[in-house]
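The values are calculated or read from the model by the stated rules, or taken from the named source; none is laboratory data. This structure is a prediction, so every number in the text was calculated from the model and none was measured. Every residue, glycine as well, gets a Cβ built from its backbone with ideal geometry; the counts of neighbours run over all protein chains shown.
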Amino acid sequence: MITTTGLTKVYESRGRQVTALDGVDLHVREGEVFGVIGQSGAGKSSLIRCVNLLERPTSGTVTVDGTDLTALAGRGRRANKDLRRARSRIGMVFQHFNLLSSRTVKDNVELPLEILGVSGADRSRRALELLDLVGLADKARAYPGQLSGGQKQRVGIARALAGNPKVLLSDEATSALDPETTRSILQLLRDLNRQLGLTVLLITHEMDVVKQICDSAALMKKGRVVESGTVAELLATPGSELAHELFPVTGDASGPGSTVLDVTFHGEAATQPVISQLSRTYNIDISILGAAMDTVGGRQIGRMRIELPGPYEENVVPIGFLREQGLQAELVAPDADADAGAGAGADADADAEADADADVQEKAAVPAQNAPKLVKEIAK
Amino acid sequence: MSWSEMQPLLTQGTIDTLYMVLWATVVSVIGGLPIGVLLVLTDKGGLLQNTVVNKVVGAIVNIGRSLPFIILLVALIPFTTLVVGTFIGPTAMIVPLAIGAIPFFARLVETAIREVDHGLVEAVQSMGGSIPTIIRKVLLPQALPSLVSAVTTTVIVLIGYSALAGAVGGEGLGAKVITYGYQRFDTQFMLVTVVVLIVIVTVVQLVGDGIVRLLARRGRTAS
């Protein structure tokens, strides 16, 4: 539904070139909710603005619903008629709602229809339908200033849907809202996605947003997509940073000479008593250092950090057993969690701060020091 | 001068002043509004970014604003004669008054439009709105309270200018004060006229503020 290839955006500011997007290839399938997550300055905002060409990419192409928008736009700086028509079929919601305070709620929803040249009676009917859809039928005559943040965002969503778009872009739509309201807005987006078959591309810095509604996700760092896939794929990818973030498990080994594993359960395996089987079959004592269970994209998933006595070499067979049961088992490097781990963590933090400061970092390779603590995948 | 002698002078003066100021305001708004919008749009980062146009228009506006009004008044005599056929009388005064106020109003418009949140412009762009649509549906309606304030300020400045116009063959309260109050040393008449001017200015300000408050309230309390 949305495909970007080699999307690059370079800003010139006071003679300095800043790369916000560095060859982003993204593919959003029809009917899915796709989340792009990253810290501020990672380029998410530039990315979503390039999708409807509010910002012109320096190079690369954007295709939405089979139309190559970058070709449509031509070379002019201003949006031509074709591009404007294409934009009217892409809804967009904003972090700060961007409602016109001089218009009533209903008139705000009618605005895109006015632009499309819909007649007065039809506009009015459609606006009321949409307000009903987002649960604000009774607020039609209110002004945005009289609404709460969540209500404003509902109006923003109704407005974005006015032109019957197939695609909805959400630019940090819930970042200005409290957790409760965030949940209800995400639920609304989820419902619309299912009811209308709407494809949703959202950007966020909150992992919870991805957890609650995304079918697929991508992680952005320094203008690049470093990981991308469906949530299930990501969780099944050893060493995936997103999976690790979605499911943080922590816990330190009780002492040297033991083997620490991160085990991920999903699907069938989640309901099997695998750990006790492991313990009985091999007659070993297993300590659970940390664990988490959650629902991601409507799927029950669990993650656990366990400790087996003895070094890795002695535990090859039990680990093989876990893998046979359909679990994912990743070895946590013993020293990564101890001293070296702390050092690497501090470095990563410093990096993140530098990113935020520079807003958009100058072109840099994805640094090795940001690599996850899981250094080695166990061979099957 | 007795009150019965003053009254017709004051009435005629007030009518002439209001006539000049009203039409000069209409012309300044029609002339200044597009210039103000143009200054914002052509500015760096604007929707129609164009440094050359921006600098040239900005320079003209600045020149217009830095000329003392009395100089403008005299300098424009040939132009006024060309447009109106004469350079004295209230109708003729509308020309220099409007030309003096256009740059002033244009700057006020510029400031008002600049205050409109860029996010709103972006939202309308994302709906496929063209630049005229953005001006008509976002910039002007959102800036309306500030624009009304700008008109109020312009009217008051024009009342001041119109008094000055009295010195160069204009009519109105200013001309009356100069003729009777200043040249004939009639302090009493001068004071009465000043009071009338104060009343006019106060009423204009109150009406303007009232409209602004009405517009601003739309967004907050129940409609």
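Against the numbered list (1) surrounded by fewer than 22 Cβ atoms within 10 Å (Cβ to Cβ); (2) in a strand (DSSP E or B); (3) under 11 Å from the mean Cα position of the chain (by Cα); (4) not acidic (D, E), A:A217 comes up short only at (1).
Looking at this structure, is A:D208 within 13 Å of chain B (Cβ to nearest Cβ) and modelled with pLDDT under 95? Here the answer is no, as A:D208 does not meet what is asked. Residues in segment A:122-176 that are among the polar types (S, T, N, Q) and either in a loop (DSSP other than H, G, I, E, B) or not assigned by TED's automatic domain parsing to the domain that holds A:V93 (or both): A:S148, A:N164, A:T174, A:S175. A:V209 falls short on exactly one of the conditions (1) in a helix (DSSP H, G or I); (2) more than 29 Å from A:E30 (Cβ to Cβ), and that condition is (2). Only one of the listed residues (B:V212, B:V157) is touching a residue at least 12 places away in the same chain (Cβ under 8 Å), within 14 Å of another protein chain (Cβ to nearest Cβ) and either assigned to a helix (DSSP H, G or I) or touching a Pro at 6+ places or on another chain (Cβ under 8 Å) (or both). That residue is B:V212. The helices (runs of 4 or more DSSP H) falling completely within segment A:41-87 that include 2 or more residues that are free of Cβ contacts under 8 Å to residues at least 12 places away in the same chain map to A:81-87. Can you name every residue in segment A:168-190 that is surrounded by fewer than 23 Cβ atoms within 10 Å (Cβ to Cβ) and within 14 Å of another protein chain (Cβ to nearest Cβ)? Across segment A:168-190, the qualifying residues are A:E172, A:S175, A:A176. Condition (residue is modelled with pLDDT of 80 or more and assigned to a helix (DSSP H, G or I)) applied to segment A:255-268: is it met by at least one residue? Looking through segment A:255-268, none of the residues is modelled with pLDDT of 80 or more and assigned to a helix (DSSP H, G or I).
In the set B:A101, B:A92, B:A123, which member is surrounded by 23 or more Cβ atoms within 10 Å (Cβ to Cβ) and within 14 Å of chain A (Cβ to nearest Cβ)? Give the steps one after another, and end with the answer.
Working: B:A101 fails: within 14 Å of chain A (Cβ to nearest Cβ); B:A92 fails: within 14 Å of chain A (Cβ to nearest Cβ).
Exactly one residue qualifies, and that residue is B:A123.
Of the numbered conditions (1) closer than 17 Å to B:I134 by Cα; (2) touching a residue at least 40 places away in the same chain (Cβ under 8 Å); (3) surrounded by 18 or more Cβ atoms within 10 Å (Cβ to Cβ), A:V134 fails exactly one; give the number of that condition. Of everything listed in (1) closer than 17 Å to B:I134 by Cα; (2) touching a residue at least 40 places away in the same chain (Cβ under 8 Å); (3) surrounded by 18 or more Cβ atoms within 10 Å (Cβ to Cβ), A:V134 misses just condition (1).
Quick grid of which residues meet (1) among the hydroxyl-bearing types (S, T, Y); (2) more than 11 Å from chain B (Cβ to nearest Cβ); (3) more than 22 Å from A:L168 (Cα to Cα):
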position	(1), (2), (3)
A:R103	no, no, yes
A:E110	no, no, no
A:D122	no, yes, yes
A:L128	no, yes, no
A:D132	no, yes, no
A:A142	no, no, yes
A:G145	no, no, yes
A:G149	no, yes, no
A:V155	no, yes, no
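Tally the residues that are touching a residue at least 60 places away in the same chain (Cβ under 8 Å) and not in a helix (DSSP H, G or I), restricting the search to segment B:71-109. Result for segment B:71-109: 3. Exactly one residue out of B:L33, B:L48, B:L73 is modelled with pLDDT under 95 and surrounded by 19 or more Cβ atoms within 10 Å (Cβ to Cβ): that is B:L73. Give segment A:89-101 a look and list any residue that's surrounded by 24 or more Cβ atoms within 10 Å (Cβ to Cβ), facing chain B (nearest Cβ under 7 Å) and either hydroxyl-bearing (S, T, Y) or out of contact with any strand residue (DSSP E or B) (no Cβ under 6 Å at 6 or more places or on another chain) (or both), or say none. Within segment A:89-101, A:N98 is the sole residue that qualifies. Restricting A:A71, A:A42, A:A86 to those that are of a type outside the set (D, E, K, R), at pLDDT below 90, crowded, with 16+ Cβ neighbours inside 10 Å and over 13 Å from A:T3 (Cα atoms) reduces the list to A:A42. Given the condition at pLDDT 90 or above and touching a His at 6+ places or on another chain (Cβ under 7 Å), answer yes or no: does some residue in segment A:3-17 qualify? Among the residues of segment A:3-17, at least one is at pLDDT 90 or above and touching a His at 6+ places or on another chain (Cβ under 7 Å), which makes the answer yes.
Selection of segment A:42-71 for residues being within 13 Å of chain B (Cβ to nearest Cβ) and among the acidic types (D, E) yields only A:E55.
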